[in-house]
Amino acid sequence: MSATIISGTELAQSLRKEISVEAETLSQRGITPGLGVVLVGDDPASISYVRGKEKACAQVGIYTETLRMAAETSQETVLGTLAEMNQNSKFHGILVQLPLPSHIDEMRVIESILPLKDVDGFHPANLGRLMIGKPRFKPATPAGIVELLLRSGNSPEGKSVVIVGRSNIVGKPLANLLIQKCEGGNATVTICHTKTQNLGSYTSRADILVVAAGKPNTVSGSMIKSGAVVIDVGVNRVPDSSKKKGYRLVGDVDFESAKEVARAITPVPGGIGPMTITMLLKNTVHAAKLQARELTETNSERKE
Ligand code: GUN
């Protein structure tokens, strides 16, 4: 058996068309959705992610500006920049690319972004809302995973979902989305992590297996239940002299062995990556609507 490939690239393209219509409608009313990005340092992967976000914004008609700062920039300078961006009405969404250099307290930075502009959904106020089932901005990667599951005909409802990885960016918010009593939720969730013993005994029971461990080959075919849906969140650069760039991208799952066991699997690249960016675009348009008071805060429904 060879698994169906779930293309994030294709789904992302169709979603981006929907988002660009919404952005255009807002722009015609004088509200051009805007995203401000802060990038500190010169980590090549972060630079590449930010470029991807800039390109996607341009594609759907979202105004974007990236403030690049040297790796040695002080925390005070970063906080000062964010305070100005919070006040600047052209930025409906603000994103600080993570990870930050080690001398900067990531939590301090995240907490300094206005929750109404926190399109990453990482502010404790927004994560708290997510946990109680009243999300304002769903973190982009978990939201992209749920969207991809739903639109590929793999609703998590009633399923055993195993997540490998407990990060604040993916594992924890994804678990919270999947246990909500709503569409895209109603799953039974297990979270595994670096201290989990006998990882395979958990992964092999998953109907839907999400791997966000940040390490190649964390899961191979022998650890997957026959017929499972596998979502690979990893983006790892491995040296490859046959490539022009000198590396190739691989996920956290051993794709070759996994595809012989799974019913469906996301590729790397072209799986979760494009969906993550698309959800960020969606959050930015949502932020513009919230700030234009087109949506109410409590239930995110359109005001009459
Ligand atoms: N670094 C890795 N993933 C993300 C993300 O979703 N948002 C931000 N801001 N930084 C990241």
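The values are calculated or read from the model by the stated rules, or taken from the named source; none is laboratory data. These numbers were taken from a predicted model, which means no experiment stands behind them. Every residue, glycine as well, gets a Cβ built from its backbone with ideal geometry; the counts of neighbours run over all protein chains shown.
In table form, for the structure just shown:
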| read-out | value |
| --- | --- |
| Residue under evaluation residue 168, criteria (1) buried (at least 16 other Cβ atoms within 10 Å of the Cβ); (2) of a type outside the set (Ser, Thr, Tyr); (3) under 14 Å from the mean Cα position of the chain (by Cα), criterion not met | (1) |
| Total residues in segment 215-240, condition in contact (Cβ under 8 Å) with a residue 24 or more places away in the chain, more than 21 Å from residue 172 (Cα to Cα) and in a strand (DSSP E or B) | 1 |
| Complete set of residues in segment 108-128 that are assigned to a loop (DSSP other than H, G, I, E, B) and touching a residue at least 24 places away in the same chain (Cβ under 8 Å) | 113, 114, 119, 120, 121, 122 |
| Subset of segment 89-107 (residues that are in a loop (DSSP other than H, G, I, E, B) and either away from the ligand (no atom under 14 Å from the Cβ) or in contact (Cβ under 8 Å) with a residue 60 or more places away in the chain (or both)) | 89, 90, 91, 92, 97, 98, 100, 101, 102, 103, 104, 105 |
| Residue 254 vs. criteria more than 22 Å from residue 148 (Cα to Cα), among the acidic types (Asp, Glu) and surrounded by fewer than 23 Cβ atoms within 10 Å (Cβ to Cβ) | no |
| Qualifying residue in segment 70-80 (condition: closer than 18 Å to residue 283 by Cα and either touching a helix residue (DSSP H, G or I) at 6+ places or on another chain (Cβ under 7 Å) or surrounded by 14 or more Cβ atoms within 10 Å (Cβ to Cβ) (or both)) | no |
| Residue list for segment 108-129, restricted to those being among the small types (Gly, Ala, Ser) and in contact with a Pro (Cβ under 9 Å, 6 or more places away or on another chain) | 121, 125 |
| Qualifying residue in segment 266-280 (condition: closer than 30 Å to residue 30 by Cα and in contact with a strand residue (DSSP E or B) (Cβ under 8 Å, 6 or more places away or on another chain)) | yes |
| Top-ranked residue in segment 109-157 [being buried (at least 20 other Cβ atoms within 10 Å of the Cβ) and of a type in the set (D, E, K, R); ranked as farthest from the chain's Cα centre (by Cα)] | 117 |
| Filter pass, residue 2 being assigned to a helix (DSSP H, G or I) and either among the basic types (Lys, Arg) or under 30 Å from residue 229 (Cβ atoms) (or both) | no |
| Qualifying residue in segment 241-248 (condition: in a loop (DSSP other than H, G, I, E, B) and surrounded by 19 or more Cβ atoms within 10 Å (Cβ to Cβ)) | no |
| Verdict on residue 293 being more than 18 Å from residue 143 (Cα to Cα) and modelled with pLDDT under 95 | yes |
| Helices (runs of 4 or more DSSP H) enclosed by segment 129-214 - at least 3 residues per element that are within 14 Å of the ligand (Cβ to nearest atom) and modelled with pLDDT of 95 or more | 140-151, 171-178 |
